[in-house]
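Heads up, the thing below is written out as structure tokens.
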Amino acid sequence: MSAVVSASTNLTLAIVTAMWNGWRRGLGRYGAGSRLEFLLVPLAYGVGGPVGIVISANLGAGQIERAVKASWVGVLMACALTESIGLAAAAFPQRWIEIFSQDPSVLQVGAEYLHRVGPFLDSLGSAMFFMRRTSN
């Protein structure tokens, strides 16, 4: 399941990049903004792994309520982590985009992308948490 998520994410990035002004210019413009998503996936997976162990141990001990609470704490942790990074990127997109390019058109499109997507990266965090949790 994890391989399917990684493959579909990369395929989606390639398709959207191709649609956005062609491969050469689109990759630089859209790709710089979307790199943030690739860095957030391992962070959310990193939360999901240890929390999955806590949940499994509680389920094995018959403590269903405690397992449910642990899963909610894990989701909230993953969401808080990815959302705080997303909001920072939406507020200061040039700081992130400048790492990859100084081209004004890349800075503009990358900033537009992060303004629109950054505030919703908590959904990426929760999705990756659940993908990690279910792939155990």
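All of the numbers you see were taken from the coordinates with simple rules; none came from a lab. Predicted model, so just to flag it, every value in this text is computed and none were measured. Quick reminder, even Gly has a Cβ in these numbers, built from the backbone with ideal geometry, and neighbours come from all protein chains shown.
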- Message: Quick check: the distance between the Cα centres of region 60-74 and region 103-122, to the nearest angstrom?
- Response: 37
- What FRET efficiency, computed as 1/(1 + (r/R0)^6) with R0 = 22 Å and r the Cβ-Cβ distance, is obtained for residue 80 and residue 102, rounded to the nearest 0.05? 0.10
- Task: Show me 106-117, 52-63, 85-96 ranked by packing, highest mean number of other Cβ atoms within 10 Å first.
- Result: 106-117, 85-96, 52-63
- Query: Put a dot 7 Å past each Cα toward the Cβ at residue 12 and residue 35; how far apart are the dots in nm?
  - Reply: 2.0
